[in-house]
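Since the structure comes first, as structure tokens, the remarks are kept for the end.
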Amino acid sequence: MSVGHARTGTRATGLPPFMDRAFHAAVAEAVRHVGATAPNPPVGCAILDDAGEILCVGAHHRAGTPHAEARAIALCRELGLIERAHTIVVTLEPCNHTGRTGPCSQAIMHTPIRTVWIGAADPNPNVAGGGADYLRNAGCDVRFLSGYDTPDARWLAQQCRSLIVPFARLTRTGKAWITVKQALDATGSMIPPAGRTTFTSAAALDLAHRLRRATDAVVTATGTIATDRPGLDVRRIPDHPDRMPRLLAICTTRGQVDAEYADAARARGFDVRTCADVRDLPELLGQAGAMWALVEAGPGLLSALREHDIWDDWLTIGVRPDGTETLDVAIRTGTDTPLRLFRELNTPKGTACFQGS
């Protein structure tokens, strides 16, 4: 069975079942490295044979190392399967330029692969379309998920876009994507009971640490530091090994930061920055190379972020009187958010409430 179908430009109606599996595998592999690739986007890739069976998967691990396609192709060769390679599935359009690594579009052409499926177009305005055009001109059958109008195809395309939303923001504007995490008890308060540092469940705490692992920066304020002395590092799950130092942006209207706390944060591996004007926060983070930042702070900073629209998505963990929790995500513009990559927040059926503009 060939995995080729009608060329891009027509609106197909059905996504082949093996392609659904391949994109799920590519997205899952990319998600494993979210938080380690900045300033590059996380990308996943799967290589299939002519019957649609997955031969191998690969992902981009961090800047300066092989891209997802190159890593998957190298693995396919190591496994002795490259001659069976027929189709490549990639969450992001292959690059067609040389940076610290060579063009993935040309790497594909040095294999038997001549069918290319792409989850999302490259959002970088300087290179958009170059990889797909190169591959088409070289004789490849290139198709995008956007050409398939089914619920599964739309959901997979959204997953692929979710991987690159912060990267798209950074390349287009030079600013980081800002996610706010806020926990509220049944009365609407953010203050834990006396003697406790939180009122959320263990599952919610695990989610918080997975968010920290996935983001390039954590944002807090001097008031939170004075009250809680938060660690803000990844503790409940393993962090990415050998990742670039995570940024810690401390917002302070007075321009002063507790030196002892800042030194301790550096000892934990943070690159500590200060921000005197919250309106400068997205650009400050972007210039430092962060694509995605997580805000963990008290009501003062959160109110300022909301007042000046310095946020992109807002995760609210609500705790009911009986202790059960709700997860709600507000998206300031559009419907895409990297929070859709988290299983608690997004499945094909959906377990969280997403509110987009």
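The values are calculated or read from the model by the stated rules, or taken from the named source; none is laboratory data. None of the values given here were measured: they were computed from a predicted structure. Glycine also receives a Cβ, built like all others from the backbone with ideal geometry; neighbour counts cover every protein chain displayed. Surface accessibility is based on the protein's heavy atoms, side chains included, excluding ligands, DNA and RNA. Shrake-Rupley method; radii C 1.70, N 1.55, O 1.52, S 1.80 Å.
Just so you know, the averaged projected area of the alpha carbon convex hull for the chain sits at 18.6 nm². For region 270-313, the share of alpha carbon pairs falling in successive 5 Å distance bins from zero is 5, 18, 35, 28, 12, 2 percent. For Val257, no residue whose modelled amide H falls within less than 5 Å of its own remains once neighbours fewer than 5 places apart on the same chain are excluded.
With the other protein chains left in place, how much accessible area per residue, in square angstrom, belongs to the chain at a 1.4 angstrom probe?
Ligands and nucleic acids excluded, the result is 44 Å² per residue.
Principal-axis analysis of the Cα atoms of the chain puts helix 202-214 at an angle of about 60° to the longest axis. Between Glu307 and Asp328, the C-beta separation translates, for a Förster distance of 22 Å, into a calculated FRET efficiency of about 0.60. With respect to the chain, whose longest principal axis is taken over its alpha-carbon atoms, helix 17-31 is tilted by about 40°. Here the chain has 51 percent of its accessible surface on carbon and sulfur atoms, given a 1.4 Å probe and all protein chains in place.
Rounded to whole Å and ordered largest first, report the semi-axes of the equivalent ellipsoid of region 9-90 derived from its Cα gyration tensor (root of 5λ).
Here the semi-axes work out to 22, 17, 10 Å.
When you restrict to C-alpha pairs under 8 Å that are six or more residues apart and normalise by the size of the chain, the relative contact order lands at 16 percent. The H on the amide N of Val295, modeled in the peptide plane, is under 5 Å from the matching H of Thr179, Val180, Lys181, Val219, each at least 5 residues off or on a different chain. Amide H to amide H distances under 5 Å link Phe354 with Val329, where only residues 5 or more positions off or on other chains count and H is placed in the peptide plane. Here the label points at Asp239 and Arg254, each 7 Å from Cα along the C-beta direction, are separated by 2.8 nm in the simple model.
Taking each DSSP H run with n ≥ 4 as -39500 (n - 2.57) and averaging over every residue of the chain yields -9000 deg cm²/dmol at 222 nm.
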